[in-house]
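The values are calculated or read from the model by the stated rules, or taken from the named source; none is laboratory data. In this text, all values refer to a predicted model and were calculated from it rather than measured experimentally. Here the Cβ positions follow ideal geometry from the backbone for every residue, glycine too, while neighbour counts run over all protein chains shown.
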Amino acid sequence: MPPPALPTIRTDSARGWRARQRSMMEKPETKQPFLTDIKTLRERARQNIGDGGVTFTYEGDVKKAIDILQSVLATELVCVLRYTMHAVAATGISSEGVKAEFKQHAQEEHQHALQVAERINQLGGTPNFNPEGLATRSASEYGHADNLIEMIKENLIAERIAVDHYRELIRYFGDRDPGTRLMLSGILVVEEEHANDMHDLLVAHQGKPML
Ligand SMILES: [Fe+2]
Ligand SMILES: [Fe+2]
């Protein structure tokens, strides 16, 4: 019995392929230089001076960037509130070291909130510090822990949420907005440290990691 015939795969004709190659080669070279000359840069900087840091080469969607950063700001503010509450309310044997850690994290989250608010301002937005709707704008939750271990767990979960959220945002901003991306990358490094600190505390106080 003869082997079954192989299916016929349609390919472009050699003539069609050559024609495409020719047209690609004939395509005029792009006139966009890699670097913009100084004169053009200076002229552009003078135009639209009211746009501040959002210059001609900004490739992001400014409105979307501001909306995203408002949510990041809310996330940081909720973290300030949660750590501050924990720093005050934590009780129990050997809670002093944990309280100090919570307090330091609250201060660092506050710094993050300020950085993000500054960036929103640079992009032409008004940072939203309104307490109304803060919890729903935030990616992380305020929580309701009532003992030291629960507090550490809540903070660890919140930090892990922040780390995942910021990694995605860093990918989103990419080359569209390197300034925002760099700011978020700096914050991300601190959030990773925070998550690690909470994990260490959990191991120290509970004897085993939760996650
Ligand atoms: Fe933070
Ligand atoms: Fe954090």
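Key figures for this structure:
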{"read-out": "Among residues of segment 122-143, those that are closer than 19 Å to T84 by Cα, touching a residue at least 24 places away in the same chain (Cβ under 8 Å) and polar (S, T, N, Q), counted", "value": "2"}
{"read-out": "Only one of G186, G179 that is within 16 Å of ligand 1 (Cβ to nearest atom), out of contact with any Phe, Trp or Tyr (no Cβ under 8 Å at 6 or more places or on another chain) and either at pLDDT below 95 or not aromatic (F, W, Y) (or both)", "value": "G186"}
{"read-out": "Pair list, Cβ under 8 Å, 6 or more apart: segment 155-171 residue closer than 13 Å to S71 by Cα and among the hydroxyl-bearing types (S, T, Y), other residue within 11 Å of ligand 1 (Cβ to nearest atom) and assigned to a helix (DSSP H, G or I)", "value": "Y166/V72; Y166/L184; Y166/I187; Y166/L188; Y166/E191"}
{"read-out": "When residues of segment 123-149 are limited to those that are of a type in the set (A, V, I, L, M, F, W, C) and over 15 Å from G179 (Cβ atoms), the one surrounded by the fewest Cβ atoms within 10 Å (Cβ to Cβ)", "value": "F129"}
{"read-out": "Candidates I152, I120, filtered to the one that is among the hydrophobic types (A, V, I, L, M, F, W, C), buried (at least 17 other Cβ atoms within 10 Å of the Cβ), over 13 Å from the mean Cα position of the chain (by Cα) and away from ligand 1 (no atom under 16 Å from the Cβ)", "value": "I152"}
{"read-out": "Segment 113-166: number of residues that are in a helix (DSSP H, G or I), among the charged types (D, E, K, R) and over 12 Å from L73 (Cα atoms)", "value": "6"}
{"read-out": "Every residue from segment 189-211 that is more than 14 Å from ligand 1 (Cβ to nearest atom) and crowded, with 17+ Cβ neighbours inside 10 Å", "value": "H199, L201, L202"}
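So that you can scan it fast, the table gives a plain yes or no per residue for (1) closer than 15 Å to V80 by Cα; (2) touching a residue at least 12 places away in the same chain (Cβ under 8 Å); (3) within 15 Å of ligand 2 (Cβ to nearest atom):
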residue	(1), (2), (3)
V116	yes, yes, yes
I120	no, yes, no
A145	no, yes, no
I149	no, yes, no
L184	no, yes, yes
H194	yes, yes, yes
